Amino acid sequence: MKGSLPSGEHLLHDPRFNKGTAFTEAERDALGIRGLLPPRVFTMAQQQVRVLGNLRREPTDLEKYIFMAALLDRNETLFYRTVIDNIQELMPIIYTPTVGKACQEFGHIFRRSRGLYVTGEDRGGVADVLKNWPRRDVAVIVVTDGERILGLGDLGAHGMGIPIGKLSLYTACAGIDPARCLPIMLDVGTENETLLGDELYTGLMHRRLRGEAYGDLLEEFVTSVKRVFPGALIQFEDFATHNAFGLLAKYRERACVFNDDIQGTAAVTLAGLYSAGRITGRPLSQEHILLFGAGEAGCGIADLVTSAMTRQGLSPEEARRRCWLFDSKGLVVRARDDLKPHKRAFAQEHPPVADLLETSRSECTAEEAYSWTEGRAIFASGSPFSPVVLGESTFVPGQGNNAYIFPGVGLGVVASGARHVTDELFTVAATTLAHMTEDSSLRTGTVFPPLTRIREVSHAIAMAVAEEAFDSGLATGKRPDDLSEHVRSMMYEPVYPMYS
């Protein structure tokens, strides 16, 4: 083992192998690091006490994000152990909502580069850039071009915080080995005037590639990934709507790809609707759905929900009549002549409606939803809300976070060697997630399992996804005798190895 490790001081600066003060007396002698650390040996649990104490003293969530990023840069194992053991507290720090602010400030808080940057200037040599990555056994790639970061718009190369954050959740929530995760930023420029005038902006200082040049770069990127990292799953993340649907349609049958904004969001929403049906006692096929927003998330949800309704006996036409979209210009109706192709299938025969009340960050708060409906609402949101007391009842809002879906789907794809990621894989993921919600949670209005069970949930979803991949002929690997154990064996556990 020693021969594959950095030696001496170099070992302490490699986050993959560094154990910090947890190196034993014998390891300090064997690895040539005696005297380079304080003499007392600490357990990982004791290290966590120190980490959490310092973290909780940070004054803002952004400072907490920076603190956790620094921990990841020096001790990868301790980072993931701490996140897993404190997932409820730390997921909002390492990902949404804090990651949005971190992306806005990315150039100003930049410490150490992670992942790969592919630019428009690399056209003709994208494969060579990918080969600079030190490993070939990459399992999961999350890639963005930074044009639609969360609800913040075009953040250009500063959007790299999103692939980094997503992949940390792949590892924490589903156990994808961090050594097999690769975040990639496609820096094709930005239209953000503030960034173009910022001397600390980390990307190329030009406007976005469009048209044929952009398409050629994406084509070269996908084909190069297939050649350099064969079998790797590519997750498209935070692409603008006008590119997202086209890229998914173009590559979903040619490579192992999916778009989390379209398909992952749809699956977690469908799971919430299935769970809500257990509260109301009504099947999904009896509901009418109004979606506020008709971009990637809204149309992705509508597609998956209508597919689910048809499986419950409705015709495709009737299912679509039960899904209504409302975009920035009003209700999506057939009389409008400004509809993009992804909206037209859900255009309803109805007079135009232009008004819908808005707030800045969510359609309403949990407290408003429960109060306005006298406790009849079933509420879930992307970001967490505190429990709400209404009379003698306490309601616990569910958090419909995509982290319930995409890590388990990714693990199932990797475990089965699936060639493509189909909508059926997301449907079985949604069904599995809904089944993981216990009756005790439903009684408080919570439609998702607690985040503390996220690794258990991801394991169950991965099994269901892998089973579907084997049954449908998508899998390239051999079906194992014990699928549950096969999936579990692929889940990284952050424990310190013993070096000798």
Residues (under 14 Å from V447 (Cβ atoms), free of Cβ contacts under 8 Å to residues at least 60 places away in the same chain, in a strand (DSSP E or B) and of a type in the set (A, V, I, L, M, F, W, C)) located in segment 366-402: F395
Residue in segment 118-140 that is of a type in the set (S, T, Y), farther than 30 Å from T452 by Cα and either open to solvent by 20 Å² or more (accessible area, probe 1.4 Å) or not in a loop (DSSP other than H, G, I, E, B) (or both) present: yes
Selected residue (criterion: surrounded by the fewest Cβ atoms within 10 Å (Cβ to Cβ)) from residues of segment 148-181 that are charged (D, E, K, R) and closer than 26 Å to T452 by Cβ: D177
Strands (runs of 3 or more DSSP E) wholly inside segment 212-306 that include at least 2 residues being in contact (Cβ under 8 Å) with a residue 24 or more places away in the chain, open to solvent by less than 20 Å² (accessible area, probe 1.4 Å) and farther than 13 Å from C323 by Cβ: 233-236, 257-259
Residue satisfying condition, being among the small types (G, A, S) and at pLDDT 95 or above, within set S275, S362, S328: S275
Residues that are at pLDDT 95 or above and open to solvent by 20 Å² or more (accessible area, probe 1.4 Å), drawn from segment 87-105: E89, K101, Q104, E105
Yes/no for E363 being touching a residue at least 60 places away in the same chain (Cβ under 8 Å) and open to solvent by 70 Å² or more (accessible area, probe 1.4 Å): yes
Residue match in segment 331-350 (condition: open to solvent by 70 Å² or more (accessible area, probe 1.4 Å), over 19 Å from A244 (Cβ atoms) and of a type outside the set (D, E, K, R)): yes
Condition check for S416: crowded, with 16+ Cβ neighbours inside 10 Å, at pLDDT below 90, farther than 16 Å from A267 by Cβ and not aromatic (F, W, Y): no
Residue in segment 109-116 that is touching a residue at least 60 places away in the same chain (Cβ under 8 Å) and in a helix (DSSP H, G or I) present: no
So E349, is it modelled with pLDDT under 95, touching a Lys or Arg at 6+ places or on another chain (Cβ under 7 Å) and among the charged types (D, E, K, R): yes
Qualifying helices (runs of 4 or more DSSP H) (wholly inside segment 426-500; at least 1 residues being within 30 Å of V388 (Cα to Cα) and among the β-branched types (V, I, T)): 454-471
Inter-residue pairs, beta-carbon under 8 Å, first at positive phi and modelled with pLDDT of 95 or more and in segment 117-130, second outside any loop (DSSP other than H, G, I, E, B) and open to solvent by 20 Å² or more (accessible area, probe 1.4 Å), 6+ apart: G124/E220
Scan of segment 440-495 for residues that are closer than 29 Å to S381 by Cβ and of a type in the set (S, T, Y), ordered by number: S440, S441, T444, T446, T452, S458
Every pair of residues 6+ apart whose Cβ atoms lie under 8 Å, when the first sits in segment 187-207 and is within 13 Å of M160 (Cα to Cα) while the second is open to solvent by less than 20 Å² (accessible area, probe 1.4 Å) and among the acidic types (D, E): D187/D145; V188/D145; G203/D187
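The values are calculated or read from the model by the stated rules, or taken from the named source; none is laboratory data. If you're wondering where the values come from, they're calculated on a predicted model, not measured in any experiment. We place every Cβ from the backbone using ideal geometry, glycine too, and count neighbours over all the protein chains shown. Only protein heavy atoms, including side chains, enter the accessible area calculation; ligands, DNA and RNA are left aside. Shrake-Rupley method; radii C 1.70, N 1.55, O 1.52, S 1.80 Å.
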